[in-house]
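What follows is a set of notes on a single structure, which appears directly below.
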Amino acid sequence: MKYPLTVLSDGKCAICVLQINYYLKKDKHRRLRVADVSKPDFDVQTFGITQQEAQQYMHVMDASGAVYKGVDALLAIWRAVGYTAVARVFSFSILKQLLVFGYHIFAKIRYKIPFFKTAGAIHCDSETCQWKGMR
């Protein structure tokens with residue numbers, strides 16, 4: 001995997017924005033970049049996926065152009081921010097299957113999860129949410 005990673009995130013999903021904000025804070029080597037798939041000027045074709053796919057599951061593209069989806073995207077992010085041991089543990093078959101199962105449930109209900117604001121971590125207006133440290 002080659003860095004930086006471009007993380008496709010849904011800026012209309014408050015809990016997704018909180019999650020990305022957390023990873024950006026942990027990204028001491030600045031390996032992550034964020035692209036908001038909910039913005040009108042986002043070019044999904046660059047990533048070889050549809051707009052629906054981009055908004056349904058998290059995607060990550062590395063510097064070589066390889067695209068990771070869902071749990072594989074999450075594992076790539078964990079490795080990038082230094083959670084390599086955690087990524088390694090959840091890469092094992094049974095644990096990865098459990099993570100995939102939980103991720104699919106989360107992806108389907110994420111807009112229904114009550115949003116809780118935390119001390120200015122994000123700002124949401126009627127259109128999108130913004131995270132601090134976006135790059």
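Just so you know, all these numbers are worked out from the coordinates, no wet-lab data involved. Computed from a prediction, not measured in an experiment: that's the story for all the values here. Backbone-built Cβ (ideal geometry, glycine too); neighbour counts: all protein chains shown.
Residues in region 16-52 that are part of a helix (DSSP H, G or I), buried (at least 18 other Cβ atoms within 10 Å of the Cβ) and of a type in the set (Val, Ile, Thr): VAL17, ILE20.
Within region 53-82, the set of residues being part of a loop (DSSP other than H, G, I, E, B), out of contact with any Asp or Glu (no Cβ under 9 Å at 6 or more places or on another chain) and either over 25 Å from LYS26 (Cα atoms) or in contact (Cβ under 8 Å) with a residue 12 or more places away in the chain (or both) comprises TYR57, ASP62, ALA63, SER64, ALA66, GLY70.
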